[in-house]
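Working notes, beginning with the structure itself.
The values are calculated or read from the model by the stated rules, or taken from the named source; none is laboratory data. What you are looking at is a predicted structure, and each value in this text was computed from that prediction instead of being measured. Heads up, the Cβs are rebuilt from the backbone with ideal geometry, glycines too, and the neighbour counts pull from every protein chain shown. Side chains included, ligands, DNA and RNA excluded: accessible areas come from the protein's heavy atoms. Shrake-Rupley method; radii C 1.70, N 1.55, O 1.52, S 1.80 Å.
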Amino acid sequence: MDASTSVETHHDPHAHGAEHDHHELGWWRKYIFSTDHKVIGIQYGLCGLVFLFFGFCLMMLMRWQLAYPGQALPVIGKWLPHIFGPGSMPDGKMTPDFYNSLGAMHGTIMIFAGVVPLAFAAFGNFVVPLQIGAPDMTFPKVNAASFWAFAVGGVIMMISFFVPGGAAKSGWTSYTPLAAFSDTGPGHNPVFNGQTLWLIGFIFLISSSLLGAINFITTIIQLRAKGLTWMRLPFFVWAQFVTAFLLLLAFPPLEAAIVMQLMDRVAHTSFFLPAGLVVNGAPVDISGGGSPLLWQHLFWFLGHPEVYVLILPAFGIVAEILANNSRKPLWGYKSLVFSVLVIGFLSFIVWAHHMWMTGMGTAVSAFFQTTTLLISIPSVIILSAFFISLWGGSIRFTVPMLFATAFLPMFGIGGLTGIPLAFNSADLYLHDTYYIIAHFHYIVAPGTIFGLFAGIYYWFPKATGRKMNDFWGKVHFWPTLICMNVIFLPMFLQGMAGMHRRWYDGGQGWAVSNEHTIWGLTGFQWNQPISWAAWIMGLAQIPFIINFFWSIRHGEKVNDNPWEATTLEWTAPSPPPHGNFIHTPVAYRGPYEYSLPGSERDYTMQNEPVEPAERTRRKPPAEPVVV
């Protein structure tokens, strides 16, 4: 039965009475300690962008050391010891310990304090309730608690840079036994040291994600508008729904593991410490009996679903923008939905492909090789559906569409280069080389982050009532796209030449990085053009930052539906008021009703009832009669 015949369309006068007579909140309660999903989404978004930029700055410092190892960093190098401590960059020259801290914190901040809060929490909080026609999230106070747990975790991570010895140095994966003994001994506080603060901060970040995941799942199940059946949900909502389940199921084992590693550091337990360890030439006095491999299993049980936590929200954003700017429905909507559900399931049984070097048996490795290859199939289905959706479309290359279309080949490169890593024989050679860096970053940098930029440009008018400047959006896009490829494409070549991803000197002293000439440069010499591309890409973000903040007050004013889109969030005022909608929304049709035959416009919104003439047009052709 169609929603137009099964749902009453009159407005319930009590549905949003609160928006007329609710108590006006003070500034702190309204904008800082808010329980409104839109404010919380914006808070997550701004904090996530700040952490992304900070994490990117850490990487730009690392790139100086890789391109010009042992040389003093000009201009700012002499000031950095005053910020990060005298042991970081004496005379402007980077120390090995500080390089290790930058590497560990770059990965941690970019993923757990940058991309996840922005992709899942920011876009999810702001957009999902609007797209499903809900007045807010199911648990507003839990939502606020989620954000403030994230804020506390992020602050603790930042504080770790300023304690004696500096931030964590054991990599973003915090492998034991190195992580158990790093930043311990004379000169280090037992709690206020980089590695311990990393663990404590991580506990808050995980708790934040768990609270958010519970809220998202409940909201999508319980608060959908009348008529908004499961197969009428926008694909972005499906992507966030599956992402929430990934976080809910994968983060608890890691949180337990982090508590155990914290106990190994401060309470002298041995969850991950085997007997017979020797540190600095002396036997370690511990009970032993622990397993370093157990930490790897628990970490990667989260680590691989985490990859899809990063990419699925970007899939959802790109789907919305592709349909809107090609002016035609998404091709294969149901196949897209079932593909993300399959990805959600398979992502829990592929984690050990990160651990080929641990000596697992042939039966176990064969299982994980098979599941890793299988999980590529739904990803290919999604990417193929996106490409087919463009076919025959009346494509508008708006700034969101530029980032969305660039996402497709960039993610494709990242995915295809991951297939060799599914085989333990190939991974034996490529493991921990720059090939891994290139593969992962093609997924997350020109992949996920391009999707996030697309989403910011696309939903900015809904949040502010104004558009970001198109010209400066393109000035942001083109250098970023070019530099992304100049940075990461040569890393595949460096990796295949055998260059290790964690060489502090960039490989200058290693024969393997200087034996091979690749496109006229040795593996080590490629570090310079890669680094220059990274610094230029950093400058390319300045137009975005200025455009973002300038447009909040001075951008072009637009109506409630500037992109002429079809989903329910565009029926709300811009910016949406308390309660989101002036009239209770009702969904009568699917999410991507573009260019319907016989329609006066090339878009039909979800809240528009199905007309009798439209039913006639949609009637399937009669079966041919055989005479």
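Numbers at a glance
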| quantity | calculated |
| --- | --- |
| Leu310 being of a type outside the set (Val, Ile, Thr), in a helix (DSSP H, G or I) and open to solvent by less than 30 Å² (accessible area, probe 1.4 Å) | yes |
| Tally, over region 327-350, of residues that are open to solvent by 50 Å² or more (accessible area, probe 1.4 Å) and either β-branched (Val, Ile, Thr) or within 16 Å of Asp427 (Cα to Cα) (or both) | 1 |
| Close pairs (6 angstrom Cβ cut-off, 6 or more residues apart or separate chains): more than 17 Å from Trp356 (Cβ to Cβ) in region 294-305, open to solvent by 20 Å² or more (accessible area, probe 1.4 Å) anywhere | Leu298/Pro253 |
| Considering residues of region 512-552 that are at pLDDT below 95 and open to solvent by 80 Å² or more (accessible area, probe 1.4 Å) only, the residue nearest to the chain's Cα centre (by Cα) | Gln525 |
| Yes/no for Ala119 being at pLDDT 95 or above and under 20 Å from Pro305 (Cβ atoms) | yes |
| Residue list for region 34-77, filter: of a type in the set (Ser, Thr, Tyr) and open to solvent by 30 Å² or more (accessible area, probe 1.4 Å) | Thr35, Tyr68 |
| Filter result for Gly124 (in a helix (DSSP H, G or I), under 30 Å from Val266 (Cβ atoms), at pLDDT 95 or above and not polar (S, T, N, Q)) | no |
| Extreme residue, most open to solvent (accessible area, probe 1.4 Å), among residues of region 78-103 that are of a type in the set (S, T, N, Q) and in a helix (DSSP H, G or I) | Asn100 |
| His16 open to solvent by less than 50 Å² (accessible area, probe 1.4 Å), at pLDDT below 80 and part of a loop (DSSP other than H, G, I, E, B) | yes |
| Criterion violated by Gly579 - all others in (1) on the phi > 0 side of the Ramachandran plot; (2) of a type outside the set (S, T, N, Q); (3) out of contact with any Pro (no Cβ under 7 Å at 6 or more places or on another chain) satisfied | (3) |
| Number of positions in region 231-252 that are farther than 17 Å from Val127 by Cα, of a type outside the set (A, V, I, L, M) and open to solvent by 20 Å² or more (accessible area, probe 1.4 Å) | 2 |
| Any hit, region 568-577, residues being of a type in the set (Asp, Glu) and either open to solvent by less than 10 Å² (accessible area, probe 1.4 Å) or modelled with pLDDT of 95 or more (or both) | yes |
| Where a residue in region 436-459 is farther than 14 Å from Gly107 by Cα and its partner, wherever it lies, is among the polar types (S, T, N, Q) and not in a helix (DSSP H, G or I), with Cβ under 8 Å and at least six apart | Tyr457/Thr398 |
| Given (1) surrounded by fewer than 21 Cβ atoms within 10 Å (Cβ to Cβ); (2) modelled with pLDDT under 95, number of the condition Gly447 does not satisfy | (1) |
| Total residues in region 550-587, condition farther than 18 Å from Lys38 by Cβ and touching a Leu at 6+ places or on another chain (Cβ under 9 Å) | 2 |
| Leading residue by the ranking (nearest to Phe453 (Cα to Cα)) among those in region 384-399 that are β-branched (Val, Ile, Thr) and not in a helix (DSSP H, G or I) | Thr398 |
| Out of Ala438, Ala454, Ala463, sole residue that is small (Gly, Ala, Ser) and surrounded by fewer than 23 Cβ atoms within 10 Å (Cβ to Cβ) | Ala463 |
| Matching residues in region 336-365 - criterion: being among the hydroxyl-bearing types (Ser, Thr, Tyr) and either within 21 Å of Gly447 (Cα to Cα) or outside any helix (DSSP H, G or I) (or both) | Ser339, Ser347 |
| Of the criteria (1) part of a helix (DSSP H, G or I); (2) open to solvent by 50 Å² or more (accessible area, probe 1.4 Å), which one Gln296 fails | (2) |
| Pairs, first in contact (Cβ under 8 Å) with a residue 60 or more places away in the chain in region 25-47, second part of a loop (DSSP other than H, G, I, E, B), C-beta under 7 Å, six or more apart | Asp36/Asp136; Asp36/His578; His37/Asp136; His37/Met137; Lys38/Pro576; Ile40/Ser34 |
| Yes/no for Ile419 being within 29 Å of Phe548 (Cβ to Cβ), touching a residue at least 40 places away in the same chain (Cβ under 8 Å) and more than 19 Å from the chain's Cα centre (by Cα) | no |
| Met89 under 22 Å from Asp432 (Cα atoms) and in contact with a Leu (Cβ under 7 Å, 6 or more places away or on another chain) | no |
| Val318 at pLDDT 95 or above, hydrophobic (A, V, I, L, M, F, W, C) and under 17 Å from Ser376 (Cα atoms) | no |
| Residue ID - surrounded by the most Cβ atoms within 10 Å (Cβ to Cβ), chosen from residues in region 261-276 that are out of contact with any helix residue (DSSP H, G or I) (no Cβ under 8 Å at 6 or more places or on another chain) and over 17 Å from Asp183 (Cα atoms) | Ala275 |
| Meets criteria (open to solvent by less than 10 Å² (accessible area, probe 1.4 Å) and more than 17 Å from the chain's Cα centre (by Cα)) for Ala119 | no |
